[in-house]
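Notes follow once the structure below has been shown.
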Amino acid sequence: MVRNWRTHKNFIFTLMIPKVITHVLNQIYLRICIKITIVSLLIHNVKNLNLICLSIVFPVFLFLMQFVNASTNFSSYIFSLESKPYGLTLEEWATKWWQWAYSQPKGSNPLVDDIGGNLCKTGQDNERVWYLAGSLANNSEIKRSCTVPLEKAILFPVIVAECSISNTNWWNNLFVNSMDKLWKVCNAQIVKLKTKVDNHSVNPIYVKSSKMFELIFPHNNVKNAEVGKTQSVNKGYWLMIKPLPEGIHNITSFAVDSHNFRSNVTYYLTVK
């Protein structure tokens, strides 16, 4: 959601292989335990009760560990706040995302009127990172399908806000700290946040501008802002995901802020 405020191979090895091995071991052990349990019950040997208990408990343990391992391994492929993906901080990537998002005029901007994901490829000229658009719509359920090139990281705005200086009031900025003024406008707080990738719960990263950055608004822009250059700040929750393996993936997010802005976005991704 966007609030308008006026290692491919390593991934497969780390995430998929442990799950496959655990599943195979679980199946083998389960078969052995079933045989032990049947024999023990047939001969009514009390000494084998421990084997019966073990045959029940251990397979359950292995079954649960499959989900723990998958969740743990997947979380390791979400870039942390301290990381510098491809040489840039998450704050710098957030800046690049806003510059990309606002560079497209109405009619070709993936932030608006892109229900199915037809504009997913618009302006995607970064060699390492693929931008997902989020949505400007309040209290609407957005579902989009998108094809993402293999070995590209993904940057997704879970719930974010941007505030920029009005050029017509430039004289006021001479006497008031512009950045402090912008933060007074961008004052919403998050009251609910739930995000999943491939049905695994993940924790989005909170990013806030430490300095103002430049935005250029084209004619007929989605914010209806004055055309030209301005200075801006942004804050919000982001997901930056390391390159996903080839295949079908999904990202779902639901968020609500203190101004009752509700975001509900689902992306169905095909990585190839």
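The values are calculated or read from the model by the stated rules, or taken from the named source; none is laboratory data. Just so you know, these numbers come straight off a predicted model, no measurement behind them. Positions of Cβ are generated from backbone atoms using ideal geometry, with glycine treated the same way; all protein chains shown enter the neighbour counts. Side chains included, ligands, DNA and RNA excluded: accessible areas come from the protein's heavy atoms. Shrake-Rupley method; radii C 1.70, N 1.55, O 1.52, S 1.80 Å.
So which aspartates and glutamates can Lys181 reach, going by Cα to Cα under 16 Å and dropping same-chain residues fewer than 8 places off?
Lys181 reaches Glu162.
Out of region 173-272, which GluC sites (Glu not before Pro) are coil in DSSP terms and have no more than 16 other C-beta atoms within 10 Å?
Hits after loop and neighbour filter: Glu226, Glu246.
Note down the accessible area of Arg144, probe 1.4 Å, to the nearest 10 Å².
Accessible area, nearest 10 Å²: 10 Å².
Report in % the part of the accessible area of region 199-260 that belongs to carbon and sulfur, leaving out ligands and nucleic acids; probe 1.4 Å.
Of all accessible area on region 199-260, carbon and sulfur atoms account for 49 percent.
Plugging the Kirkwood radius over Cα pairs into Stokes-Einstein for region 225-272, at a temperature of 37 °C and a viscosity of 0.692 mPa s, what D comes out in µm²/s?
229 µm²/s
Reachable lysines from Lys84, Cα under 21 Å, same-chain residues fewer than 8 places away excluded?
Lys9, Lys96, Lys152, Lys208, Lys211, Lys235, Lys242
Can you report the principal axis dimensions of region 118-164 using only the alpha carbons, biggest first, rounded to whole angstrom?
Between the extreme Cα coordinates on each principal axis of region 118-164 lie 32, 27, 16 Å.
Please give the solvent-accessible surface of Lys152 in Å², to the nearest 10, using a probe radius of 1.4 Å with every protein chain present.
Accessible surface of Lys152 is approximately 30 Å².
Would you work out what percent of the accessible area of region 83-147, with all protein chains in place, is carbon or sulfur (probe 1.4 Å)?
44 percent
Ordering His249, His219, His200, His259 by how much accessible area each has at a 1.4 Å probe, largest first, what is the list?
Descending accessible area places them as His219, His259, His200, His249.
Bin by bin, in steps of 10 Å, what percent of the Cα pairs in region 97-239 do you find, going until the bin that has the longest distance?
10, 36, 37, 14, 2, 0
Once Rh is set to the Kirkwood radius over Cα pairs, what Stokes-Einstein translational diffusion coefficient, in µm²/s, holds for region 88-142 at a temperature of 20 °C and a viscosity of 1.002 mPa s?
178 µm²/s
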